[in-house]
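Accompanying notes for the structure given below.
The values are calculated or read from the model by the stated rules, or taken from the named source; none is laboratory data. Given the structure is predicted, the values throughout are model-derived calculations rather than measurements. A quick note on method: Cβ atoms are made from the backbone with ideal geometry, for glycine too, and the neighbour counts reach across all protein chains shown.
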Amino acid sequence: MTVLRTVLVVSLGSVLMLAGCKKKEADEIELPRVAVQKVQPSDFAALVTLTGDVQARVQADQSFRVGGKIISRSVDVGDHVKANQVLARLDPKDLQANVDSAKAEVFAEQARVTQTSAAFVRQQKLLPKGYTSQSEYDSAQAALRSSQSALTAAKAQLANAQDQLSYTALVADAAGVITERQAEVGQVVQATAPIFTLASDGDRDAVFNVYPALLVAPPSSETITVSLVDDPKVQAQGHVREITPTVSAQSGTVQVKVALRDVPARMELGSPVTATGHAQGTSSVVLPWSALTKDLHDPAVWLVGDGDKVSLQPVKISQYLTGKVVIGEGLKAGQTVVVAGGQLLTPGMQVEIAPFKDIGVAQ
């Protein structure tokens, strides 16, 4: 009996111990531990790097003022020229003939003026003595005035012909660098047709093609640092001088011109350069990559609501950054977002909020 009683006591104790362990395990079910972040929208301005090139502030096409055949060219692309330096010449034969003809006309009119002047002088002397009539005197005076007018017109024609002849030499209107050549020796060109493009010495601009979405705000007056692509240590400071008012039909961009100051010698015309600046800020939410999940096919995040229960919230991504994601739509200020530990969550699941360090995620 004593042995049987002992066995019963031991068995009853074991049953009570097992029941206590099961109750303790049920009471100690651990909830998923997550790290969270409060939604605080702010004006996010992404860092934008643009690539452009260095251009002269003033560029002009150099053209002949008369048409003809090019017989010589004295400069080429990349050459530095002085003001009034001859760049090219046209065949002057036809225009020289016009000058010779105009000179002959001047000589002829000068002879007529001499003749009519002598006739008029004779009439002046004869009229007081009664040896000529008033009508003959008036005719001599009219002939003199007509010949004098014809001489003036002939001289004007000669001057015009000489000007036309001088236009067969194309001269630079300013000192600068030839950046483009549009015609060759032997080519017949029309008046005003571009022959060279001349970048005048002086001020320089860094020109960038920018998408209009980056220019929703007026240009900033702050200084912009422009660097050479080949050697970023070569830099120049500047400010936005001009933004073209129309969008290019080919590229869909507008030109932004940055006026440069103290341009280094290595920053030559046509050198590729870069400039970095912030785009216009928009109200956005910046979260770490670990906060992002998806709802079927769309991006989403986990929100922690009443009772620490989670729900899936679709969002729209405006930009991906290194280690971060910028949320453009879908979140409101004050909401709580799971930023770590959300890999195994399901809608309606209760979670335990813990610091980043407690779940092995660096903040």
Q) Just wondering, is there one or more residues in segment 68-86 that are modelled with pLDDT of 75 or more, in the same structural domain as residue 334 (by the TED database) and within 30 Å of residue 253 (Cβ to Cβ)? A) no
Q: Scan segment 163-204 for residues that are hydrophobic (A, V, I, L, M, F, W, C), buried (at least 18 other Cβ atoms within 10 Å of the Cβ) and part of a strand (DSSP E or B) and report the count.
A: 8
**Q.** Members of segment 83-130 that are among the acidic types (Asp, Glu) and closer than 21 Å to residue 167 by Cβ
**A.** 91, 94, 100, 105
Q: Tell me which residues, restricted to segment 43-93, are part of a strand (DSSP E or B) and either touching a Pro at 6+ places or on another chain (Cβ under 7 Å) or among the hydroxyl-bearing types (Ser, Thr, Tyr) (or both).
A: 49, 51, 53, 61, 63, 72
Q.
Among the residues that make up segment 229-243, is at least one of them among the basic types (Lys, Arg), surrounded by fewer than 15 Cβ atoms within 10 Å (Cβ to Cβ) and free of Cβ contacts under 8 Å to residues at least 40 places away in the same chain?
A. yes
Q: Give segment 247-275 a look and list any residue that's without any contact (Cβ under 8 Å) to a residue 40 or more places away in the chain, more than 24 Å from residue 78 (Cα to Cα) and among the small types (Gly, Ala, Ser), or say none.
A: 248, 249
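Residues checked against (1) over 30 Å from residue 115 (Cβ atoms); (2) hydrophobic (A, V, I, L, M, F, W, C):
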{"site": "152", "(1), (2)": "no, no"}
{"site": "158", "(1), (2)": "no, yes"}
{"site": "161", "(1), (2)": "no, yes"}
{"site": "167", "(1), (2)": "yes, no"}
{"site": "174", "(1), (2)": "yes, yes"}
{"site": "180", "(1), (2)": "yes, no"}
{"site": "186", "(1), (2)": "yes, no"}
(Q) Looking at 334, 342, can you tell me which residue is in a loop (DSSP other than H, G, I, E, B), closer than 21 Å to residue 30 by Cβ and of a type in the set (Gly, Ala, Ser)? (A) 342
Q) List, please: which pairs have Cβ atoms under 8 Å, are six or more places apart or on different chains, and start with a residue in segment 284-302 that is on the phi > 0 side of the Ramachandran plot and end with one that is polar (S, T, N, Q) and not in a strand (DSSP E or B)? A) none
Q | Only one of 115, 96, 123, 110 that is part of a helix (DSSP H, G or I), polar (S, T, N, Q) and in contact with a Phe, Trp or Tyr (Cβ under 8 Å, 6 or more places away or on another chain) | A | 123
